[in-house]
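A short reminder: the numbers here are calculations on the coordinates, not readings from a lab. Every value quoted in this text rests on a predicted model; they were computed, and no experiment measured them. So basically every Cβ, Gly included, is an ideal-geometry build from the backbone, and we count neighbours across all protein chains shown.
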Amino acid sequence: MDLISPDLGLIIWQTIGFGILFLVLAKYAWKPILAALEEREGTIEEALSTAEKARAEMENLVAENEKLLQEARVERDEILRTANENAAKIIEQAKGEASKEATRLIEEAKTVIQTEKEAALTDVKIQVAELSLLIAEKLLRTQLSEDTAQKALVEKFVEEIKLN
């Protein structure tokens, strides 16, 4: 029961012991403990600061990556647009050249056809002339089989030649 209701001497000795312990702790332990706590607090603040810097740097990198990605998209779109324009120009140029070539071939074909037509007409005229001569020769032979008819025809031709 003495501990539950301590007497005055025990309280004094406990107070003196506590005071000595407090002085010893204040002189030797308090400063290192506070220094360790302050060092730990500094380390934690430095870690938080570093983490904040890393987060800010990460946000900057993400923003920079987005910017680069957007620039790449714009460049890709520009390249595709240019390629499509060039393809359209090449197609139009090829169509123009094909049209010119087709026109040239048609003109050449018309020229060849005209030449062949004229050659065929000339050939027909020659054949008609030859046939006409053959027919005329056969007619004349049948009509001029007599000497008197031949002499009369020759005299007529001679008179016509002199008149011209």
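Please verify whether Thr103 is among the polar types (S, T, N, Q), assigned to a helix (DSSP H, G or I), surrounded by 10 or more Cβ atoms within 10 Å (Cβ to Cβ) and more than 45 Å from the chain's Cα centre (by Cα), treating the condition exactly as stated.
Answer is no for this residue.
Can you spot a residue in the stretch 1-9 that is assigned to a helix (DSSP H, G or I) and surrounded by 10 or more Cβ atoms within 10 Å (Cβ to Cβ)?
Looking for residues that are assigned to a helix (DSSP H, G or I) and surrounded by 10 or more Cβ atoms within 10 Å (Cβ to Cβ), one finds none in the stretch 1-9, hence no.
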